[in-house]
Amino acid sequence: MQLRKLIPALIPALALSLVGVTPAHAEEEYRRGPAPTTSSIEAVRGPFSTSSTTVSSLVTGFGGGTIYYPTSTSEGTFGAVAISPGFTGTESTISWLGPRIASQGFVVITIATNSLYDQPDSRASQLLAALDYLTQRSDVRSRIDASRLGVMGHSMGGGGTLRASEERPSLQAAIPLTAWHTDKTWGSNRVPTLVVGAEDDTVAPVSSHSIPFYNSLPSTLDKAYLELNGASHFAPNSSNTTIAKYSIAWLKRFIDNDTRYEQFLCPSPANSSLISDYRDTCPHGV
């Protein structure tokens, strides 16, 4: 009898306790740097001063590279990103992204591949090896939160980005840039992915590469497709504010869980002289 009387009394208290339960999708935010503005996210250099260090080509798993990192550690550890060049491309073709992204509060490694002719799946393995090197053996490993990692890549490096995120679903973000891959189906991918295509790409036409890649990703996934207006396959090989702006917003939103950057992604940016097509699954994180 006493138990029967006790249960109704407990119900209101239980209901109140459930109100404070954090939803499964609500993750801790790792805000680094001041509140963003359009001008700050489009800037060639962000709020963090950076330095760099070279990785020897004798390293195991990839062809060496360069690490860019914020010099200050006053705000704690940072997320990290590995970036691969494309077929026959050297590290220099994607090196502009290193200091630009690092200055927004990330540790970035731009890699050289084992061979200029490595195929996408090999580049995937090398991207993952570079992340492992960053977090386990590099001189800056103490600056990195190993649970907050992402991958990027151009052309076959973009195809490698898709494969790397498929193989390591614990990654927090993936950005394939004018990606090329013979595999057009990525339905098992669980990593938030920003696919960047170029309207006038004749090497990896968006109709047979970037758009099918985006469409094949699960509809339940946080994903977006950004098409650069009038751009060629090689747009990611030189400083490009549109690529930088949306890549930084994507990395901040999903590696740092920083909802201050949601404003640049949702609602979707309109088509313009810079963007010929944009698709997404806004709102994110629900």
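The values are calculated or read from the model by the stated rules, or taken from the named source; none is laboratory data. Because the structure is predicted, anything quoted here is derived from the model rather than measured. So basically every Cβ, Gly included, is an ideal-geometry build from the backbone, and we count neighbours across all protein chains shown.
Worth a mention:
- Within the stretch 103-146, considering residues that are of a type in the set (D, E, K, R) and either assigned to a helix (DSSP H, G or I) or touching a helix residue (DSSP H, G or I) at 6+ places or on another chain (Cβ under 6 Å) (or both), the one nearest to T54 (Cα to Cα): R141
- Taking each residue of the stretch 168-189 that is closer than 20 Å to A249 by Cα and looking for partners that are of a type in the set (D, E) with beta-carbon atoms closer than 8 Å, six or more apart or interchain, yields T178/D201.
- Among the residues making up the stretch 23-72, those that are of a type in the set (S, T, Y), in a loop (DSSP other than H, G, I, E, B) and under 23 Å from S147 (Cα atoms) are Y30, T60, T71, S72.
- Some residue of the stretch 40-50 being surrounded by 18 or more Cβ atoms within 10 Å (Cβ to Cβ), basic (K, R), closer than 26 Å to T259 by Cβ and at pLDDT 95 or above: no
- Which numbered condition A164 misses (of (1) hydrophobic (A, V, I, L, M, F, W, C); (2) surrounded by 23 or more Cβ atoms within 10 Å (Cβ to Cβ); (3) in a loop (DSSP other than H, G, I, E, B)): (3)
Every residue, every condition in (1) crowded, with 19+ Cβ neighbours inside 10 Å; (2) within 16 Å of V151 (Cα to Cα); (3) among the basic types (K, R); (4) out of contact with any Ser or Thr (no Cβ under 7 Å at 6 or more places or on another chain), yes or no:
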residue	(1), (2), (3), (4)
N189	yes, yes, no, no
T193	yes, yes, no, no
E199	no, no, no, no
S239	no, no, no, yes
E262	no, no, no, yes
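- When the stretch 254-286 is filtered for residues that are part of a strand (DSSP E or B) and in contact with a strand residue (DSSP E or B) (Cβ under 6 Å, 6 or more places away or on another chain), the ones remaining, listed by number, are S276, D277, Y278, R279, D280.
- Filter result for V151 (of a type in the set (A, V, I, L, M, F, W, C) and crowded, with 24+ Cβ neighbours inside 10 Å): yes
- Any hit, the stretch 170-190, residues being assigned to a helix (DSSP H, G or I), over 23 Å from C282 (Cα atoms) and touching an Asp or Glu at 6+ places or on another chain (Cβ under 9 Å): no
- Taken over the stretch 214-238, residues that are outside any loop (DSSP other than H, G, I, E, B) and in contact with a Phe, Trp or Tyr (Cβ under 6 Å, 6 or more places away or on another chain) amount to 4.
- Given (1) closer than 16 Å to D258 by Cβ; (2) in a strand (DSSP E or B), index of the condition G76 fails: (2)
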